[in-house]
Amino acid sequence: MLLYSSNYLEIYYEPQYERCILNWIDSPPTVELFKKDIAEYTEIALTFKSKQALWLQQKLTINMDSELIEWLEENMNKPIINTILADNFYPLDCNQNYPVALVLGQKEYNLLQLYSLTDGKTDKSLIIEKMPRFFCDEKEARNWLDQWRSSKEVESTKSVVQNEQFQSHKEMKALTKREREIIELKHQGKTPKEIAELMNISINTVRTHWKNIKKKVNIKSTIDFTIS
């Protein structure tokens, strides 16, 4: 869903992931135009309370000096990351990245990787405690973002699974020993006729047991069968 478009920037929102996307279609010729578009992006991300961010910067060539980096940190990074933190997101990896993926051009990505391997001096005033994750490929960035879940979502999933396990255990306890034996034999691939012979009962008795089982348990397709 396209929310904003200028000569240089497109901003999209993907509601299924609550993801705000910043896509530079051309590089702004001035810092003022760059800041104007960034301000639009930040306002949209905060308005929609986005939980994820994807920044596509392959075509961005504007010079990032220390002053501009500090401006970005105060006017975009911090506000957006604080919104993400409010939704209890936890980091995926040991690098303590947040669900923000930044896609660079191949040249810029290679330089970044190379710089990380050197012992070059770093301006300590520009070190950011929490960083986005850097990628050179949009598909890879999207795959990484797709894995993110908030702690609330994780706990909700656990509760659903635990409840289903409890219900399954409760339903199985309601079955008689013979009814459980019938289900086990069906899992082994036995036909109704074979079940009757193995249990030394008539097929009519198997039918009766199965009707009772269906009343007590929500039979799944893997064990449901027709008595004939």
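Please treat every number below as a calculation from the coordinates, not as lab data. Remember, predicted model here, so these are calculated numbers, not experimental data. Methodologically, a virtual Cβ is constructed for each residue, glycine included, from the backbone with ideal geometry; neighbour enumeration extends over all protein chains shown.
Could you pull out the pairs from Lys78/Lys139; Lys177/Lys214; Lys49/Lys78; Lys177/Lys216 whose alpha carbons sit more than 23 Å apart here? Each step should come with its number before you reach the end.
Details: Lys78/Lys139 26 Å; Lys177/Lys214 15 Å; Lys49/Lys78 14 Å; Lys177/Lys216 13 Å.
Checking Cα-Cα distances, Lys78/Lys139 exceed 23 Å.
Distance in nm between label sites at Ala86 and Tyr4, each 7 Å beyond Cα in the beta-carbon direction?
1.7 nm
When the chain is fully extended, how far beyond the present Cα-Cα distance does Lys211 get from Ile62, taking 0.36 nm per residue of separation?
Extending this stretch completely gives an extra 46.4 nm.
Could you work out how far the C-alpha centroid of segment 48-86 sits from that of segment 3-41, in angstrom?
A separation of 11 Å, based on Cα centres.
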